[in-house]
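Structure record follows, encoded as C-alpha cells.
The values are calculated or read from the model by the stated rules, or taken from the named source; none is laboratory data. Worth saying up front: this structure is predicted, and the values here are computed from it rather than measured. In this analysis, Cβ positions are derived from the backbone assuming ideal geometry, glycine residues included, and neighbour counts consider all displayed protein chains.
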Amino acid sequence: MPAPPPHRLAAHRFASVQRVNGLLAMLFSSTMLLPLLIAQWLHEASRAAFLIGFALTFAIGTLLWWPVRHHRADLKIRDGFLVVVLFWVVLSVLGAIPFYVYDGGWPDLVDAIFESTSGLTTTGATVASGLDTMPRSILFYRVLLHWLGGMGVIVLAVALLPMLGIGGMQLFRAEVPGPMKDTKLTPRIAGTARALWLIYVALTLGCALTYWLLGMSFFDALCHAMSTIATGGFSNHDASLGHFNSPLIEAASMVFMVLGATSFTLHFAAWRGRSIRTYVRDSEFRAYLLILLIFGLLTVIPLALFGPYDSLGMAVRLGLFQLISFGTSTCFSTADVTVWPLFVPMLLMLSTFMAGCAGSTAGGVKVARVVLFLKQATREFKRLLHPNATIAIKFGGRTVPDDIVYAVGGFFSVYVGLTIVLTFVMIGSGLDPITAGSAITAAITNAGSALGELSGSMAHLSVFGKWVLIVTMVMGRLEIFTFLIIFTPAFWQR
C-alpha cells in the first residue's frame, strides 16, 4: 500500500495539536468564572469583562476542537513541544481579554497582553498602577494567572484530564522546567502531575493561613499566598509587600518563597518519606541554600557599610528580603533598590539567573545546571593537568552522562547569548544599557523587577519594547529551547 501523501500526514499531525489546544482553551476559560462570581457578589463593574472573556475563550476553544473532535492519535515528542508553545502564546492572548475589556489599568491591547503574559509566566512585571483601588475580582484574576502558570496549566490538564487521549508524557516533558524532565514520582504520568498539584495546593493553603494569622485580611492573605508559592510577585498593592510594613510577614514570605523555588519533586519525596532529612541529603537543595547564603552576605555587607540605613538590623531585614525575593524570581518589594549602592542591585539581578531549583516554580537557569556547569569547568581544568585521565562528573551521588553535561553547556551558551542580543535590541529601542539589560534579565528569568526607570513598573516602555519582553517572558518560561526549537527547519521535517 502506498504511503499517504505528505500533506495528509501533516494534516493528521496538526489535527492532534489543534484538538488538544482546543480542549485546553476550553479548560482555561473556566478560570474566568471564579473572578466573575467575585465581581457578581461584590457588584463590581468588571463583571462584563469576565463574562466576555469566558465566552470568547470558550468559543475559540470550541471552534478549534469541534472540527477534529473525533481525531484520536497519541502525541509525539514534537507535537508536545508545539502544543505547549502554541498554548502559552494563545493562552496569553486569551487571558488578556478581561484586562482589555475592563480598561481600568490596561487601555491598550499590548498592555493587556503584557499583563496576562507576565501573570501566566509568573514574571510579575506590571504596566498597571492604582492597584489599591482596583476591583477585587481583577486583583484575584491577576494572581490566579500566576498560580495556574506556576505549576503549569498543561500539567494541570495532564493531572485532571487523562481522558484527553493524548500522550501525557510528551506534554509533561515539554512543560516542566529543569534538566530532569523524565523524573516520575508515580508510575503513571497523570499521577505524577496530580501529586505535584496536591503539594502545590497544600503549600498555598499553608502560606495563606500563615499570612492571615500574621495580620493580613483573608483576601490579601489568599492572593499573596498564590503569588508567593508561584514565585510570581503580583500584589494587591502598589507598594507590594512593603504595604504591610511587617517584619513577621516578610519573614514568613521569605520562608515560603524559598519553598516555592525548591523542587516539588523534593517536596514530594520528603512528604512520602516523612523526613526533613530528605532536603538535607539533596545536592541541589544544599547548593541552593549555599547560593542564597553567599549572595545574602554580599548583599547585606555593602548595605550595612555604605547603604542608606542607619541600623544593621534594617540593612539585614531589607537586604535579605530583597535577595530572596529576586533570587527566587518572585520579586515582591519592600524597599527601593535603585537608591542602594549600584553593586547591590546588579548582584540582585545576577541572583535571578541561578537561585531556583529544577522542577520548581522559579525561573532562571536553575541550580542544577549551575552546579553541573561549574563541575564541567573544574573537570576541564583537571584535564589540562592530566590529559589522559578519565574524570566523571557526579551529582547527587550519581555519575552524570556526558551528553547531559554538554547539553547544559549548550543551554548556558544560548541563554547568555540570547540575553546579550536582546539587551542590544532593547538598547536600540532607546533604553540605557543598565535599564535594558535589567529588563531583559527580568523577563528571561521570569523575575519581573528591572532597574532604572523601569523599577516598579514597565509602563514607560515603548510598544516595541513591550512586545520584545512579551516574547522573552514566554521564552524564559519555556526555558528557551522548547520555544526556539519550533523555528528550526529540522522540527518541521518528517
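Close Cβ contacts (under 7 Å, 6 or more residues apart or on different chains) running from residues in the stretch 414-432 that are under 16 Å from TRP467 (Cβ atoms) to residues that are of a type in the set (A, V, I, L, M, F, W, C) and surrounded by fewer than 16 Cβ atoms within 10 Å (Cβ to Cβ) comprise SER429/PHE464.
When LEU318 is tested against (1) surrounded by 23 or more Cβ atoms within 10 Å (Cβ to Cβ); (2) in contact (Cβ under 8 Å) with a residue 40 or more places away in the chain, only condition (2) is not met. Does SER311 count as at pLDDT below 95, more than 15 Å from SER360 (Cβ to Cβ), of a type in the set (Ser, Thr, Tyr) and over 23 Å from the mean Cα position of the chain (by Cα)? The answer is yes for SER311. The residues listed here are VAL463, VAL421; of these, the one that is farther than 27 Å from ILE324 by Cβ, modelled with pLDDT of 90 or more and under 22 Å from the mean Cα position of the chain (by Cα) is VAL421. Scan the stretch 224-249 residue by residue and report those that are farther than 22 Å from ALA442 by Cα and assigned to a helix (DSSP H, G or I). Result: HIS243, PRO247, LEU248, ILE249. Just one residue in the set LEU24, LEU37 is on the phi < 0 side of the Ramachandran plot and at pLDDT 95 or above; that residue is LEU37.
Of all residues in the stretch 262-275, those satisfying the criterion of being more than 12 Å from LEU203 (Cα to Cα) and surrounded by 23 or more Cβ atoms within 10 Å (Cβ to Cβ) are SER263, THR265. THR482: out of contact with any Phe, Trp or Tyr (no Cβ under 8 Å at 6 or more places or on another chain), hydroxyl-bearing (Ser, Thr, Tyr) and touching a residue at least 40 places away in the same chain (Cβ under 8 Å), yes or no? It is false that THR482 is out of contact with any Phe, Trp or Tyr (no Cβ under 8 Å at 6 or more places or on another chain), hydroxyl-bearing (Ser, Thr, Tyr) and touching a residue at least 40 places away in the same chain (Cβ under 8 Å). Contact map, the stretch 200-227: residues that are free of Cβ contacts under 8 Å to residues at least 24 places away in the same chain paired with residues that are crowded, with 20+ Cβ neighbours inside 10 Å and among the aromatic types (Phe, Trp, Tyr), Cβ distance under 6 Å, separation 6+ or inter-chain. Pairs shown: ALA221/TYR211. Identification of helices (runs of 4 or more DSSP H) wholly contained in the stretch 254-318 with 1 or more residues that are more than 25 Å from TRP197 (Cβ to Cβ) yields 277-281, 283-306. Total residues in the stretch 450-460 satisfying the condition of being under 19 Å from ILE324 (Cα atoms) and either at pLDDT below 90 or in contact with a Lys or Arg (Cβ under 6 Å, 6 or more places away or on another chain) (or both): the figure is 2. Evaluating ILE391 against the criteria (1) touching a Pro at 6+ places or on another chain (Cβ under 7 Å); (2) not in a helix (DSSP H, G or I) leaves one unmet condition, (1).
Scanning the stretch 270-288 for residues that are under 25 Å from GLY364 (Cα atoms) and free of Cβ contacts under 8 Å to residues at least 24 places away in the same chain yields ALA270, THR278, TYR279, VAL280, ARG281, ARG286.
Checking VAL371, VAL365 one by one, the residue that is among the β-branched types (Val, Ile, Thr), under 25 Å from THR445 (Cα atoms), in contact with a Phe, Trp or Tyr (Cβ under 8 Å, 6 or more places away or on another chain) and surrounded by 24 or more Cβ atoms within 10 Å (Cβ to Cβ) is VAL365 and no other.
All of (1) touching a Ser or Thr at 6+ places or on another chain (Cβ under 9 Å); (2) touching a residue at least 40 places away in the same chain (Cβ under 8 Å) hold for PRO247 with one exception: (1). When PRO302 is tested against (1) of a type outside the set (A, V, I, L, M, F, W, C); (2) free of Cβ contacts under 8 Å to residues at least 60 places away in the same chain; (3) surrounded by fewer than 16 Cβ atoms within 10 Å (Cβ to Cβ), exactly one condition is not met: (3). Just one of the listed residues (GLY80, GLY124) is in contact (Cβ under 8 Å) with a residue 40 or more places away in the chain and at positive phi, namely GLY124. Quick one: is MET254 in contact with a helix residue (DSSP H, G or I) (Cβ under 6 Å, 6 or more places away or on another chain), closer than 24 Å to ILE138 by Cα and in contact (Cβ under 8 Å) with a residue 40 or more places away in the chain? For MET254, the condition - in contact with a helix residue (DSSP H, G or I) (Cβ under 6 Å, 6 or more places away or on another chain), closer than 24 Å to ILE138 by Cα and in contact (Cβ under 8 Å) with a residue 40 or more places away in the chain - is not met. State whether the residues of the stretch 77-88 include one that is in a helix (DSSP H, G or I), touching a helix residue (DSSP H, G or I) at 6+ places or on another chain (Cβ under 8 Å) and farther than 22 Å from LEU484 by Cβ. No - not one qualifying residue is present in the stretch 77-88.
Cβ contacts < 8 Å: first residue farther than 26 Å from ALA193 by Cβ, restricted to the stretch 357-383; second residue assigned to a helix (DSSP H, G or I) and of a type in the set (Gly, Ala, Ser), any location; separation 6+ or different chain. Result? Qualifying pairs under 8 Å: VAL370/ALA287; VAL371/SER283; VAL371/ALA287; PHE373/GLY409; GLN376/GLY409.
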